[in-house]
Structures are given as C-alpha cells and as structure tokens.
Number of protein chains: 2
Amino acid sequence: MTYCVGMVLDRGLVFMSDTRTNAGLDNISTFRKITLWEEPGDRVLTLLSSGNLATTQSVVSLLNERSKSPEDRTPTLLTAPSMFQAANMVADTLREVVARYRQGGLTAETQKFSATMILGGQIGESPPRLFLIYPEGNFIEAGRDTPFFQIGETKYGRPILVRAYDPALSFEQAMKLLIVSFDSTLKANLSVGAPFDYHLYSRDSLKLGPTGRIGVDDPYFNEISLAWGNALKAALDSLPDFERVPDP
Amino acid sequence: MTYCVGMVLDRGLVFMSDTRTNAGLDNISTFRKITLWEEPGDRVLTLLSSGNLATTQSVVSLLNERSKSPEDRTPTLLTAPSMFQAANMVADTLREVVARYRQGGLTAETQKFSATMILGGQIGESPPRLFLIYPEGNFIEAGRDTPFFQIGETKYGRPILVRAYDPALSFEQAMKLLIVSFDSTLKANLSVGAPFDYHLYSRDSLKLGPTGRIGVDDPYFNEISLAWGNALKAALDSLPDFERVPDP
C-alpha cells in the first residue's frame with residue numbers, strides 16, 4: 001500500500017508521499033514515489049504513484065526516456081503545450097504499461113499490475129493544475145469542490161483533510177495538516193511507512209520549490225504526532241457530554 | 001455498508017450502530033442492526049450486525065426461534081452457561097446461514113451473503129465479554145490491548161477511537177466519542193447513515209441499560225458535528241507550523 005496526497009492551494013501545489021513498498025508482510029522496502037520534472041521558467045511537473053511498483057517505475061522510466069529522445073516521439077512531457085496534454089501523456093503511458101503486463105497474465109493476477117497516479121504542475125502562463133490518473137488511462141482534474149486528491153490507503157487520513165483543508169493555507173500550515181493526516185494513516189496501516197517525501201510548488205514560480213524527506217525520528221514529526229494525540233483528546237473534552245444517560 | 005462499534009469500559013459495555021442498508025445507490029432503507037436479549041438478573045446480550053441483511057436477519061430469527069423452543073435444541077442463547085458458549089452459538093448459526101445461501105450459488109456471488117457480527121454481554125457472575133464473529137464461524141475476544149471492535153466501514157472513524165479511547169470513560173463521554181467517530185464516517189461514506197442506535201450496559205446490572213436512537217436532526221448530534229469540526233481546526237492551529245519552508 002501507499003499513501004500520497006496532492007493539494008491545490010492559493011499559494012501553489014503541495015505534494016506528499018510515503019515511501020513504503022511491500023510484497024508480503026516480510027518483504028518491505030523504501031522507494032521514492034514522487035518524481036519531479038523541471039524546465040526552469042517553462043514548467044514544473046510532480047508525479048505521485050501508488051500501486052504496483054514495477055508498473056509505476058516503468059511509467060516513469062518510459063516518460064524519462066521519451067523526454068530524452070524527442071526526435072522519436074513528440075511532444076514529450078517536457079514539451080507538452082499544456083498540463084492537460086501532459087496528463088494525457090502520463091495516462092497513455094500508464095495504460096500502455098498496465099496493458100503490456102496484463103497480456104497473457106492469469107485473470108486473477110492482473111489486478112496486481114494496476115497503479116493510480118497524481119500529476120500536478122504548471123506550464124507557461126496557464127494556472128497550476130492537478131490530476132488524478134486511473135490505470136484505465138482516464139483522469140479527472142481537481143477543482144474548487146475537490147481541491148485535493150489522495151491515492152493508496154486514503155481513508156484513515158481523510159476526515160482531518162475534509163475538515164481542515166482551506167485554500168488559503170500557507171505552506172507551513174499545509175505541511176502540518178498533511179503530517180497529521182499521514183500520522184493517522186501510519187498508526188492504522190502497517191503498509192504505509194515513513195519517511196515521507198514532499199514538494200512545495202509556488203504558484204507562477206515555474207521552478208522546483210522546497211523538497212525534502214521527513215523521517216520517523218524527525219523531531220518535528222514526533223512533536224506533531226504527540227501533540228496531535230493530546231490536542232484531539234482536549235478537543236473531545238471541550239465538547240459537551242451526552243446527557244441522556246439516566247442515573248442507575 | 002454499515003458501521004457498528006462495540007466497546008469494553010470499566011463501567012460496562014457500549015454499543016452503537018448505524019441503520020442504513022443499501023442494495024445499489026438508489027435503493028436505501030433503514031433497518032435496525034442491533035438486537036438485544038435480556039433475562040433480568042441472569043443475562044444481557046447485545047448483537048451488532050454488518051453485511052448481507054438477509055443473512056443477518058436469518059441469524060437473528062434462528063437464534064430467536066431456537067430460544068423459544070428449548071426442547072428442540074439446548075442450550076439456547078438464553079440458557080447458554082457462558083458468554084463463550086453464546087458466542088459459539090451465534091458463530092455456528094452465522095456459518096450455517098452463510099453456507100446455506102452459498103449452496104449452488106455462483107462463485108462470484110457468494111461473497112455477497114457474508115456477514116460479520118459483534119456480540120457482547122454478561123452472563124451470571126462472570127465479567128462482561130465482547131466478541132467479534134467472522135462469517136466463517138470463528139471469533140476473537142476483546143482484551144486489554146484491543147478493547148473495542150468495529151465492523152463495516154471502519155477506517156474513517158478509527159483514528160479518533162485509537163487516540164481517545166480510555167477504559168475509564170464514563171457512558172456520557174463514550175457516547176460523545178462514538179458520535180464523533182460515526183460523524184466522521186457519515187461524512188465520508190454514503191452507505192453509512194443516521195439514525196444511530198445505541199445500548200449502554202452497566203457492568204453487573206444484568207438488565208438492559210439505556211437504549212435509544214439518535215437522528216440526523218438530533219440537536220446534540222448536530223451540536224457535536226459542528227463543534228467537532230471547529231475543535232479539530234482549533235487543535236490543528238494549536239500545533240506548531242512546519243518551519244522548514246525557506247522564504248521565496
């Protein structure tokens with residue numbers, strides 16, 4: 001499993017992903033699930049991947065190879081005229097890889113090769129855009145009503161995002177919100193694991209923003225995890241108790 | 001889908017269930033998913049059901065019928081000597097019903113007839129016990145490390161239970177905690193719906209405790225739902241922001 005979130009803010013785009021992959025409970029590894037492309041002054045793209053690791057790595061490798069030999073195939077991800085075209089390109093590549101692995105596979109096994117991706121970024125003078133790409137090669141775009149996408153193990157970390165997301169969040173506040181959401185997921189699902197990778201893209205900068213990795217032993221992560229547990233209990237205490245229990 | 005929780009407290013046992021059943025998105029109904037049995041001074045049993053409604057109703061009907069004609073089959077749920085024996089009886093009945101519906105069914109369809117149940121209660125001088133019963137007819141018991149069970153759509157409402165559960169909670173506090181957990185689930189999954197049924201069993205009382213139903217228009221439910229959203233945001237605000245974002 002995996003947990004990744006991509007979020008549209010007034011300030012720009014925020015991305016976070018975990019790094020755990022597992023093939024069975026006793027075969028776990030750390031892999032980067034966030035891929036960045038940059039042509040300074042022209043475009044920045046961020047891709048988050050969930051699902052079969054062989055599939056998602058193939059997709060990224062194909063996208064990279066094709067960007068390096070634009071004479072074979074144009075446009076590439078680095079020359080696509082719009083984010084919509086870039087999303088189309090990632091979606092087509094994903095569908096191509098999934099279809100190839102599924103050929104001749106056992107029916108029951110084919111689900112395994114599936115993957116879902118989040119692509120966000122900005123090209124030229126168009127505004128930043130964020131897409132959720134399905135293994136079938138179709139995709140949807142974030143809008144005012146659905147300003148963030150989650151992929152992988154999305155349920156545990158969703159309630160706090162639904163309640164606390166605000167487009168006016170600063171990067172500092174958005175990172176805090178995401179860390180709380182990731183911490184809730186981590187506590188409930190063994191197949192989601194730290195460290196967490198992030199990328200903060202500033203609207204209209206057209207260059208990579210701050211990126212980094214937050215480990216389990218990160219002091220800020222531990223402070224938030226502990227303080228959030230206490231703050232939740234305090235929040236619950238602040239609400240009125242259910243008064244309809246008669247005395248025994 | 002469904003959402004039910006059974007919880008062991010120092011004070012006794014707490015049960016809550018939603019009431020929505022659906023066969024497709026446009027065919028929804030309200031059904032009671034909590035069943036109570038009482039022999040005052042001797043035993044109180046509470047059963048929560050999730051899964052196929054035909055299966056769970058059959059199980060309850062069979063248990064009831066057999067209780068009424070103990071000459072045919074002994075012991076019945078109302079004469080079982082221990083909670084363990086009662087859990088065995090419910091589990092056997094569940095397995096029997098699931099197996100019957102599956103006979104001759106299409107393989108792909110059989111999963112549909114599945115159900116999962118929570119049984120809690122107290123018999124005689126033994127302490128209260130709580131069991132999670134699987135469709136295969138086996139079951140596990142709550143203990144100090146796992147003092148509550150959830151069935152159905154369990155993920156959205158789990159983080160707050162994990163963080164705020166405490167065996168010393170009063171019934172009033174436990175109801176508040178459960179309402180928050182149910183509200184988070186309700187907000188995320190259309191197939192979980194109010195009203196919510198509850199039963200609060202006082203340890204060693206050996207009689208039914210307060211029961212009731214909380215609707216969407218219940219003033220307390222609405223107060224908690226609104227106040228919880230605000231309290232969550234305030235809790236998040238109270239944590240330190242992520243300070244590692246460099247100035248642009």
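Just a few scattered comments:
- Top-ranked residue of segment A:126-162 - restricted to ones that are at the interface with chain B (Cβ under 10 Å from one of its Cβ atoms) and surrounded by 20 or more Cβ atoms within 10 Å (Cβ to Cβ), ranked as nearest to B:ASP183 (Cα to Cα): A:PRO159
- Test for B:LEU53: is it in contact (Cβ under 8 Å) with a residue 12 or more places away in the chain, hydrophobic (A, V, I, L, M, F, W, C), within 21 Å of B:LYS207 (Cα to Cα) and surrounded by 15 or more Cβ atoms within 10 Å (Cβ to Cβ): no
- Of the residues making up segment A:199-248, just one is among the aliphatic types (A, V, I, L, M), over 30 Å from A:LEU186 (Cβ atoms) and within 24 Å of the chain's Cα centre (by Cα), namely A:LEU206.
- Conditions (1) facing chain A (nearest Cβ under 10 Å); (2) over 18 Å from the mean Cα position of the chain (by Cα); (3) small (Gly, Ala, Ser); number of the one not met by B:ALA168: (1)
- Check on A:PRO240, under 21 Å from B:ALA235 (Cβ atoms), within 10 Å of chain B (Cβ to nearest Cβ) and in a loop (DSSP other than H, G, I, E, B): yes
Quick grid of which residues meet (1) in contact with an Asp or Glu (Cβ under 9 Å, 6 or more places away or on another chain); (2) of a type outside the set (Val, Ile, Thr):
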site	(1), (2)
B:ARG11	no, yes
B:PHE15	yes, yes
B:ALA23	no, yes
B:ASP42	no, yes
B:THR56	no, no
B:LYS68	no, yes
B:ARG95	yes, yes
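- Segments classed as strands (runs of 3 or more DSSP E), wholly inside segment B:1-117, with at least 1 members that are among the charged types (D, E, K, R): B:20-22, B:34-39, B:43-51
- So A:ARG95, is it farther than 21 Å from A:THR154 by Cα, without any contact (Cβ under 8 Å) to a residue 60 or more places away in the chain and of a type in the set (Lys, Arg): yes
- Failed criterion for A:THR35 (all others in (1) under 26 Å from A:ALA188 (Cβ atoms); (2) out of contact with any Phe, Trp or Tyr (no Cβ under 7 Å at 6 or more places or on another chain) hold): (1)
- Odd one out for A:THR93 among (1) within 23 Å of A:VAL8 (Cα to Cα); (2) surrounded by 13 or more Cβ atoms within 10 Å (Cβ to Cβ): (1)
- Filter result (closer than 30 Å to A:PRO40 by Cα, more than 7 Å from chain B (Cβ to nearest Cβ), charged (D, E, K, R) and buried (at least 17 other Cβ atoms within 10 Å of the Cβ)) within segment A:175-224: A:ASP197
- Any hit, segment B:151-169, residues being basic (Lys, Arg), assigned to a loop (DSSP other than H, G, I, E, B) and at pLDDT below 95: yes
- The residues on offer are A:ALA235, A:ALA194, A:ALA231, and the sole one that is out of contact with any Phe, Trp or Tyr (no Cβ under 8 Å at 6 or more places or on another chain) and of a type in the set (A, V, I, L, M, F, W, C) is A:ALA231.
- The C-beta contact set for segment A:236-248 (first residue under 30 Å from B:LEU206 (Cβ atoms), second residue among the charged types (D, E, K, R), distance under 8 angstrom, 6+ apart or interchain) comprises A:ASP241/B:GLU172; A:ASP241/B:LYS176; A:PHE242/B:GLU172; A:PHE242/B:LYS176; A:GLU243/B:GLU172; A:VAL245/B:GLU172.
The values are calculated or read from the model by the stated rules, or taken from the named source; none is laboratory data. Only a predicted model underlies this, so the values are computations on that prediction, with no experimental measurement involved. No Cβ is skipped: glycine too gets one built from the backbone with ideal geometry, and neighbour counts run over all protein chains shown.
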